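The values are calculated or read from the model by the stated rules, or taken from the named source; none is laboratory data. Everything numeric here is computed off the predicted structure, so don't read it as measured data. In this analysis, Cβ positions are derived from the backbone assuming ideal geometry, glycine residues included, and neighbour counts consider all displayed protein chains.
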Amino acid sequence: MNQKIKSGKRYTNWHFPATLLVLLFMGFYVPPFAWAGENDIETRLLVSPNTIGEGEPFTVVIEVTSDQEVDVTTPQPPQIEGARFLGQSQGQRINSTTGMNAQGKLEFKSIRTHMYTYQYAAEKVGVLVVPPASISVAGSSRKLNGAHLTVLNASQAQQSRRNRPRGNGPFGDDDSFTGGGFGSDPFENIDRMEEAFNRLLQRQFGGGGVPGFQAVPPINAKDAFVIVAEVDKTTAYKGEQITSTWYLYTKSGVREIDTLKYPTLKGFWKEDIELATLLTFQPAELNGQPYNKALLASYALFPIEAGKATIDPYRAKVSVVTGFGKISTSVKDSQSIPILVKPLPEVPQQAVFSGAVGEFQMTAKMETASVVAHQPFSIKVRIDGRGNAKQFELPNLALPPSVELYDIKKDSQFFKNGTSYKEFEIFLIPREEGDMTIPAIATTVFNPKTEKYETLSTQEFPIHVLAGSGQQTLAADRIHKEVAPQTQELVPLAAWTPSSPQQWTPRIRDFVVLFSLSGGLFVLFGFWASGTFAKEETLLEKFERRFKKLRTVLTQKKWRELGVDATNLVNFVLGDIVGAGGADVHIDRLLEKLPPSVRKEISPDLKPMMNRFFTIGFGPDEALRQMVESNDFSRDLELLKKLMTKAIEMSSLS
């Protein structure tokens, strides 16, 4: 293959004067700040729904969307007068798509969205105002517009619900569920309510309210894909975990997917389990027909209030490859799923309910049994298990009179397997020496599996208090980590005196000289910009220029950007060699088109290396973490440089 691996820009005769005129205009009239670009970052504040009844929950979402990794500081929950704050959660999603670059070629692109969700309950009839908020993105503060919502009283809310179209919502027009026949208290007969709820599911979806429920939309034979929602249960207690998952089912190859709307999940506390950044398909069956399915998103949901709740749709725009290589693009939603949320039973007398619902255990430990008077010591209490341990709160501590509660530190985390923990570090200060006992800490949780309240308790902690100095000193590295600012004596600078007091006075010839120099510089810059002095850039030079950026990205440990840029660079080089573009062609197809000698030389090492870069660029967060921990990507970069340089040199000689 006699192919010159070089490319460059050629200019016609009119390019140079036009370029020079533009440069002169920009130099004299365009302010410097007009040249500064901004990162493609979008921020917005959303409220859902816009109209609710008094006492009903609503959600405020702050989103930050960017096409690169940016540092985002978690914003404070908006202070809304007339609303009670219920809780918050946060998550991140990454959409991997392809898009045109500056050269008109397709390249992989990742759109990252940071989501901060705050849940409230309306306590005041009227208009609630969500004030403007601010969020720190990439080191700068960004302002977000506020919003408002309307809160109706009970009769207005009921009338509003009556006026809604019937039979279209997730609960249809089933009066047996919405309250008919149950009297004024919809929960006075839970068994009858569950039975009516299951009849509704049977009629609407063709299945009963059983574990593993799957909401399959009506499927048309011409549909290229369908989005199916699944839940592990359709009836749950308030605060009980519900696992919800969305899948993409298709019989065709997927070229591109763009999530247009994630479920808002109003009325639920949400924890992310998995948000797909790369579609991984596996064989499946739907309505007796063979499909391929891939996970889109999975959440752990915890109902906030008893009553009716709805898991709303997931919406996506998907492009699939149909027969004869045609691309078909359409938008589809999953179906909403109604959830019956049962109230918790009455808390037993004398029990102190922690607020946690799930299967939990509680442990506690203290580092040493010997402490010093007037010096802080700590006891760590941890609750963990299946459910949302973040809802757990400690009861009031029954401490001896001579022991002072100084501070409580909290830490919590939800895991992808559906378990979570919450840990309290309780700092205490004994004020008297001698032997004493810290009583056991006892609290109550509700176990939805046994449908009973269970008491959790720690052991007692006997302590021996040694004599102290009588002054309270706190361990700075464990409690507040505060460092007092140090003051330094300022040394005055000696006044500077010019060596000559003579004052310079500008003259006309000075202006002429300065103007001539400026004009000469602009002319030289115009020649340089027009390419008069530049030679055509070879493929090897292009590769080396882009490779330098990869080194910088690696040094900054921007793993996602490293994976995307490395993948694009390899596809660019191989695509240029074989004359097939590159970014929208699979790596195997590019290797097949290479000269056999080149393919044999680079293929064995290139394919596993590309798999590693593709994983950190587009794989799930857990796969990224494991890959970064187990691989040295500085070696992969050196291997990439070696293989691409060899491919370019061998191709230029073949």
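Below are the figures for this structure:
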{"item": "Residue among Gly209, Gly183, Gly179 that is touching a Ser or Thr at 6+ places or on another chain (Cβ under 7 Å) and at pLDDT below 75", "result": "Gly209"}
{"item": "Positions within region 350-390 being within 26 Å of Phe302 (Cα to Cα), among the small types (Gly, Ala, Ser) and in a loop (DSSP other than H, G, I, E, B), in sequence order", "result": "Ala351"}
{"item": "Residue in region 557-571 that is of a type in the set (Lys, Arg), assigned to a helix (DSSP H, G or I) and surrounded by fewer than 20 Cβ atoms within 10 Å (Cβ to Cβ) present", "result": "no"}
{"item": "Single unsatisfied condition, Thr329 versus (1) at pLDDT below 90; (2) in the same structural domain as Phe377 (by TED's automatic domain parsing)", "result": "(2)"}
{"item": "Search result, residues across region 320-336 that are closer than 13 Å to Tyr249 by Cα and in a strand (DSSP E or B)", "result": "Val320, Lys332, Asp333"}
{"item": "The listed residue being farther than 26 Å from Glu393 by Cα and not aromatic (Phe, Trp, Tyr), out of Lys270, Lys222", "result": "Lys222"}
{"item": "In region 340-349, residue surrounded by the fewest Cβ atoms within 10 Å (Cβ to Cβ) [restricted to those that are outside any strand (DSSP E or B) and aliphatic (A, V, I, L, M)]", "result": "Val347"}
{"item": "Which numbered condition Gln92 misses (of (1) over 30 Å from Ile52 (Cβ atoms); (2) surrounded by fewer than 18 Cβ atoms within 10 Å (Cβ to Cβ); (3) modelled with pLDDT under 75)", "result": "(1)"}
{"item": "Conditions (1) surrounded by fewer than 14 Cβ atoms within 10 Å (Cβ to Cβ); (2) among the aliphatic types (A, V, I, L, M); (3) not in a strand (DSSP E or B); number of the one not met by Leu397", "result": "(1)"}
{"item": "Top-ranked residue of region 325-339 - restricted to ones that are surrounded by fewer than 20 Cβ atoms within 10 Å (Cβ to Cβ) and aliphatic (A, V, I, L, M), ranked as farthest from Val216 (Cα to Cα)", "result": "Ile327"}
{"item": "Hey, Thr74 polar (S, T, N, Q), more than 20 Å from Phe268 (Cα to Cα) and at pLDDT below 85 or not", "result": "no"}
{"item": "Residue tally, condition free of Cβ contacts under 8 Å to residues at least 60 places away in the same chain and in contact with a helix residue (DSSP H, G or I) (Cβ under 7 Å, 6 or more places away or on another chain), over region 373-428", "result": "3"}
{"item": "Failed condition for Arg315, given (1) closer than 30 Å to Ser252 by Cα; (2) buried (at least 21 other Cβ atoms within 10 Å of the Cβ)", "result": "(2)"}
{"item": "Test: Pro218 is modelled with pLDDT of 75 or more and more than 30 Å from the chain's Cα centre (by Cα)", "result": "yes"}
{"item": "Residue within region 339-358 that is over 30 Å from Thr444 (Cα atoms), out of contact with any helix residue (DSSP H, G or I) (no Cβ under 6 Å at 6 or more places or on another chain) and free of Cβ contacts under 8 Å to residues at least 12 places away in the same chain present", "result": "no"}
{"item": "Qualifying positions in region 433-467 - surrounded by 16 or more Cβ atoms within 10 Å (Cβ to Cβ) and part of a strand (DSSP E or B)", "result": "Met436, Ile438, Thr443, Thr444, Val445, Phe446, Asn447, Tyr453, Leu456, Phe461, Ile463, Val465"}
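Rundown of residues vs (1) modelled with pLDDT of 90 or more; (2) surrounded by 18 or more Cβ atoms within 10 Å (Cβ to Cβ), yes/no style:
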residue	(1), (2)
Thr234	no, yes
Tyr237	yes, yes
Glu240	yes, yes
Tyr249	yes, yes
Val254	no, no
Ile257	no, yes
